[in-house]
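*Asks:* Pasting in a structure now, in structure tokens, and then I'll have a few things to ask.
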Amino acid sequence: MRSKMKTAPRTFDARVDRAIFMRLRAHLVGRGGSVSAENDASHALPSDTKAPASLPCGGRAFREWKRSSPSTLGRLGRVSARTCLVALTLLPCALVTVLTVPARAEGPLLVPDPGLARISRTKVLRWGGDVQGGEPFVHENAKGERVGFEVEIADGIAKRLGAKAEFVQNDWSNLVPSLERDSFDVVLNGFEMTASRAKRVLYTRPYKTYASRLTVRANARLPATREGMAKKRIGSLSGTRSFEIVRESGGEAVPYEGCLEPYIDLEQGRIDGVLLDDLIAARYSVGRKGLVVAGDVEQGNYAVATKRSEPGLRDAVDRALAEMESVGELRKILERAKLWEARDERLLTWTAQDQARALGQPVRETESDGGIDGGAGPPPTISALPQAPEADEARFDASRFLLLVRAALVTLSLSLAGMAIAAPLGLLLACARTYGGKTLAYATTTYVEIMRGTPLLLQLYLLYFGLAPWLKLPAPAAAVLALGMNYAAYEAEAYRAGIQAVPHGHVEAGLALGMTRLRVVRSVVIPQAVRLALPNVTSDFVSLLKDSSLVSVITVVELTKQMSITAVDVRAWGGPGLACAILYLAMSYPLSRLARRFEKKAKVENVEVET
């Protein structure tokens, strides 16, 4: 067998041998190894050397070829058979490594964009918005379907990304924090392009222009300027660019959660004006008696926003919007919604310079007009993106903590005033239900069940907005009244339990002493019932203190609302949230301790009575 192998040696192509060597050499260089100039020259084939067509690899012929080969090929030929075998074994691994390791290039390595990878994997584009923003952005029709021009835009973008659009409901003022925690992929809900937000998100080209429109009462007109809004109460949606404009102008920005409520308050004379986007003003101020448009204060743009760590997704969405604009699809969507205006024409020729100006960034003259990053190409890295202009960063410092302390005093004042209504009203309801006639007992029972069975938030809306045509209550008064009426139902049950806990013998003793029933109730039953109900009443006051955070929906800036405003200002929730929790605890903990003290005292008195 061995003799047969010697007489029939295998052939080995010299070109394959050189390819192996060069590929291994390239692999070493690519992996960070170094090859000296001497070695590099020694491994190269001499120019006058012609590689043989075939290279015997076994037996006497192979040894004779090694001795007769030039120096370079001789060194290669003198490699032992074991070394050749190892090289051939490692060749596939080296090829895989060389082909998979990214090639070195100028600048940082490009990595797959996580946003695009996620959408490619799930085939779903999640876009965040707030249905409460209403028409024309995204809202629900009579069938419960989400409609609006932004719904159509989201579908168009998702189609071009090979995915399906999926809406994610989120409070508008918290869209950016929710985007950063991966609640959705993009923000698409009347999201204005501002320099302050550009530090946290990446913007695409705009898909709609808007103007901040000032609406006032006809009998109390204001000029549509920043100076005209100074020292005036101007309503706006919390967290919007219009809200920032009011604050920058020196006016008192009154925050709202919905689009309709500020115009109701303006009509009722509670505020001096409303500054909102013209798309909103044109729909929600219509039909309001005595309201007129003062003018537009500032123009801006709506755009899609992505996380700063996902520039590839931003660029993909930007290209989708550019295609929708070029084929006329975006214009058709806006025309169907009756939103297309002459000023929207400039969106069709949007350039990188326009993008920089819209975000308050320096314009680079060398940028091309091919897109928001100066033309086509691979997705830029974060360091290569245009940065927002340097500005003084808002921080959560002592002055902002003082704002929270002032808001805490507002919360405490509202809670005390509400409890001042709830406690006596609850006692009156308990007495009427216990000692009143059948009709009075039925009426008080109905009141208690309605107030305890409906949300406090709904009661606030009805009391402040629902009764506005007939009863114009100031926001603080409506808040106190709603809290008092709601908690009066709970206090009525606490006092009724205390009345039933008074021993019947005490009542009989009073009657035996010649007291009237009314005097027995007033002098014997009620004092004991109040003392027995005091622990529960104190606990209810702690609950009322926390529930007072709901009054922000009727424009009262209490502790929780001020915390959210401060968090948006400083672009962080940790510090303001922790400070808010500490202030709530500082107000509620002493009350909790007082309630436990009353409970211990009540137990001791019950034991004494029983003995």
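The values are calculated or read from the model by the stated rules, or taken from the named source; none is laboratory data. Just so it is clear, the model here is predicted, and its values are computed rather than measured. Counting neighbours? That spans all protein chains shown, and the Cβs are built from the backbone with ideal geometry, glycine included. For accessibility, only protein heavy atoms count, side chains too; no ligands or nucleic acids. Shrake-Rupley method; radii C 1.70, N 1.55, O 1.52, S 1.80 Å.
*Asks:* Of all the accessible heavy-atom surface of segment 210-299, with the other protein chains kept in place and a 1.4 Å probe, what percent is carbon and sulfur?
*Replies:* Ligands and nucleic acids excluded, carbon and sulfur reach 46 percent.
*Asks:* Rounded if a/c is under 1.5, else prolate if a/b beats b/c, else oblate: with a ≥ b ≥ c from the C-alpha gyration tensor eigenvalues square-rooted, which is segment 210-299?
*Replies:* It comes out rounded by the Cα gyration axes.
*Asks:* Where nothing but the Cβ of Lys and Arg (+1) and of Asp and Glu (-1) is charged, how large is the charge dipole of segment 112-264 around its Cα centre, in debye to the nearest 20?
*Replies:* 380 debye
*Asks:* Can you pull the one-decimal nm distance between simple spin-label points at TRP470 and ALA230, each 7 Å off the Cα toward Cβ?
*Replies:* Computed distance between label sites TRP470 and ALA230 equals 4.4 nm.
*Asks:* Working out 0.36 nm times the residue gap between ALA501 and VAL405, then minus their Cα-Cα distance, what length gain in nm do you get to one decimal?
*Replies:* Stretched fully, the ALA501-VAL405 segment lengthens by 30.5 nm.
*Asks:* Now for a separate question. By its C-alpha gyration tensor, with a ≥ b ≥ c as the square roots of the eigenvalues, how is segment 472-577 shaped: rounded for a/c under 1.5, else prolate for a/b larger than b/c, else oblate?
*Replies:* prolate
*Asks:* Considering only LEU237, LEU291, THR215, whose Cα is most displaced toward the positive end of the charge dipole of segment 210-299, charges sitting on Cβ of Lys, Arg (+1) and Asp, Glu (-1)?
*Replies:* Checked the options; the winner is LEU291.
*Asks:* Return one whole number: the accessible area per residue of segment 117-213 in Å², for a 1.4 Å probe.
*Replies:* 37 Å²
*Asks:* Let me ask something else. Peptides 222-232, 581-591: what's the order by average Cβ count within 10 Å, highest mean first?
*Replies:* Most protected by this proxy first, the peptides run 222-232, 581-591.
*Asks:* Let me check something: with ligands and nucleic acids excluded, how do SER413, SER564 order by accessible area (1.4 Å probe), largest to smallest?
*Replies:* The most accessible residue leads, giving SER413, SER564.
*Asks:* Once R0 is set to 51 Å, what does the formula 1/(1 + (r/R0)^6) return for the Cβ-Cβ distance between THR445 and ALA356, expressed as a FRET efficiency to the nearest 0.05?
*Replies:* With a Förster radius of 51 Å, E is 0.15.
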